[in-house]
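Colleague: Handing you a structure now.
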Amino acid sequence: MTVSSDEASHEFHAELADTPELQKKGLMFRTELGPDEAMLFPNEEPTARSFWMKNTPIPLDIIFVGLDGRIANIAAMAEPYSEEPVYSIGSTSAVLEISGGRAEELGIEPGDRVSW
């Protein structure tokens, strides 16, 4: 999958969480996530989404993808083990999780396009 801006693009090797069971588990219990690894949570129906970090020992950037395929908002450096939800701004077509801080490192920001 690719995240693209007007200036650059970056490819991630993404695991697809495309069943209710995989979406419920997500990246829980993972102790590492490579710099070019990700997990993609596609929506069956457009909807607002919220995620938490319960049982997730590594920080993540949680990227909410709007209905137009562009990043709506990013919950950067989501705190490990936190049960506080982070929310999308509006409805999403998918959510992308990458290593915490990686979005800032790569200059990924709202408005960038996500394709898979």
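Colleague: Let me cross-check Glu105: its accessible surface, 1.4 Å probe, with only protein heavy atoms counted, in Å² to the nearest 10?
Modeller: Estimated to the nearest 10 Å², Glu105 gives 130 Å².
Colleague: Per residue, how much accessible area does the chain show when a 1.4 Å probe rolls over the protein heavy atoms, in square angstrom?
Modeller: Accessible area per residue: 56 Å².
Colleague: For n ≥ 4 DSSP H runs only, could you compute -39500 (n - 2.57) per run for the chain, divide by its residues and tell me the 222 nm figure to the nearest 500?
Modeller: After summing the helix terms and dividing by the residues of the chain, the value is -2000 deg cm²/dmol.
Colleague: Please find the FRET efficiency linking Asp18 to Ser82, where r is the Cβ-Cβ separation and R0 is fixed at 22 Å, and quote it to the nearest 0.05.
Modeller: 0.30
Colleague: Mean separation of Cα pairs under 8 Å and 6+ residues apart, divided by the residue count of the chain: what relative contact order is that in percent?
Modeller: After rounding, I find 31 percent.
Colleague: Counting only the heavy atoms of the protein chains, how much of Ser93 is accessible to a 1.4 Å probe, in Å² to the nearest 10?
Modeller: Using a 1.4 Å probe on the heavy atoms, I get roughly 30 Å².
Colleague: What is the magnitude of the charge dipole of segment 1-57 about its Cα centre, with +1 placed on the Cβ of each Lys and Arg, -1 on the Cβ of each Asp and Glu, and no other charges, expressed in debye to the nearest 20? Spell out each step's value before the answer.
Modeller: Numbers: 5 positive and 11 negative charges, 95 e Å.
For this selection, approximately 460 debye.
Colleague: A follow-up question, please. State the percent of C-alpha pairs, over all pairs in segment 67-116, separated by a distance greater than 17 angstrom.
Modeller: Summing the P(r) of segment 67-116 above 17 Å gives 35 percent of all pairs.
Colleague: Please state the charge dipole magnitude for the chain, taken about the Cα centre, from unit charges on C-beta atoms (+1 on K and R, -1 on D and E), reported in debye and rounded to the nearest 20.
Modeller: In debye, rounded to 20, the chain gives about 320.
Colleague: Probe radius 1.4 Å, ligands and nucleic acids ignored: give me the carbon and sulfur share of the accessible area of the chain as a rounded percent. List each step's numbers first, then the result.
Modeller: Details: 3180 of 6510 Å².
The computed percentage sits at 49.
Colleague: Leaving ligands, DNA and RNA out of it, work out the accessible area of Tyr81 with a 1.4 Å probe and give it in Å² to the nearest 10.
Modeller: Probe radius 1.4 Å; accessible area of Tyr81 about 140 Å².
Colleague: As I understand it, the dipole of the chain uses +1 on the Cβ of Lys and Arg and -1 on the Cβ of Asp and Glu, about the Cα centre. Which of Trp116, Pro42, Ser82 lies farthest toward its positive end?
Modeller: Ser82
The values are calculated or read from the model by the stated rules, or taken from the named source; none is laboratory data. If you're wondering where the values come from, they're calculated on a predicted model, not measured in any experiment. For neighbour counting, all protein chains shown are included, and Cβ atoms are generated from backbone atoms with ideal geometry for every residue, glycine included. Each accessible area value is taken on the protein alone, full model and side chains, heavy atoms only, with ligands, DNA and RNA left out. Shrake-Rupley method; radii C 1.70, N 1.55, O 1.52, S 1.80 Å.
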